[in-house]
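As structure tokens, the structure follows; a few thoughts come after it.
The values are calculated or read from the model by the stated rules, or taken from the named source; none is laboratory data. As the structure is a prediction and not an experimental result, all values here were calculated from the model. Neighbour counts run over all protein chains shown; Cβ positions are idealised from the backbone, glycine included.
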Amino acid sequence: MKGSWILLLVVTLVTLLGPTRAQAPTETHGNPQWRTPAQLKHQAIEIAAGLRCPMSANQSLQDSQSPIANELKAEIYLQLEQGKTSDEIVDFMVARYGERIRYMPSLSAGTALLFFAPLCLLALAIFWYLRQAGSAASFNTSQEDRS
């Protein structure tokens, strides 16, 4: 019985931790002069999908049609044409608009609570449940001994 709870806990933690890793856009290596406009556009779309629009609520730059989103998408494409990497472009946007522009914030002291609070709450809930189940089992055992 105890082994199944440990297995359930491990499966739950793996499930919860799996999606928390940031997915970096694929980088087109090589000389930027040899990239086609279609490749640049595809990479710009990937970068814009990972950034939040500063004006629209809960929309990525790619999804938003606000004027600032259109300007930022053009800026991303321009920087790609200049040979900048995805990381350099994202760093530029974070320096300009702050960490809030990222859909998946980087792990820092300020965001650690966002990442680990759900895990701590889950661990507390499992601990509480196991403790309740253990006390109920001991209560049933003591009732049977009295009979």
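Would it be correct to say that TYR97 is of a type in the set (Ser, Thr, Tyr), farther than 30 Å from ALA57 by Cβ and at pLDDT 75 or above?
no
Could you identify the single residue in GLY83, GLY30 that is at positive phi and at pLDDT 85 or above?
None of the other options fit; the residue is GLY83.
Which of the residues belonging to region 63-100 are part of a helix (DSSP H, G or I) and touching a residue at least 40 places away in the same chain (Cβ under 8 Å)?
Across region 63-100, the qualifying residues are LEU80, GLU81, SER86, ASP87, ILE89, VAL90, MET93, TYR97, ARG100.
When the residues of region 75-108 are filtered to those that are under 16 Å from the mean Cα position of the chain (by Cα) and among the small types (Gly, Ala, Ser), which remaining residue is surrounded by the fewest Cβ atoms within 10 Å (Cβ to Cβ)?
SER108
So which residues in region 40-62 are more than 17 Å from the chain's Cα centre (by Cα) and either assigned to a loop (DSSP other than H, G, I, E, B) or more than 17 Å from ASP91 (Cα to Cα) (or both), if there are any at all?
Result: LEU40, LYS41, HIS42, PRO54, MET55, SER56, ALA57, GLN62.
List the number of the failed condition for PRO67; all other conditions in (1) surrounded by 13 or more Cβ atoms within 10 Å (Cβ to Cβ); (2) more than 24 Å from the chain's Cα centre (by Cα); (3) not polar (S, T, N, Q) hold.
(1)
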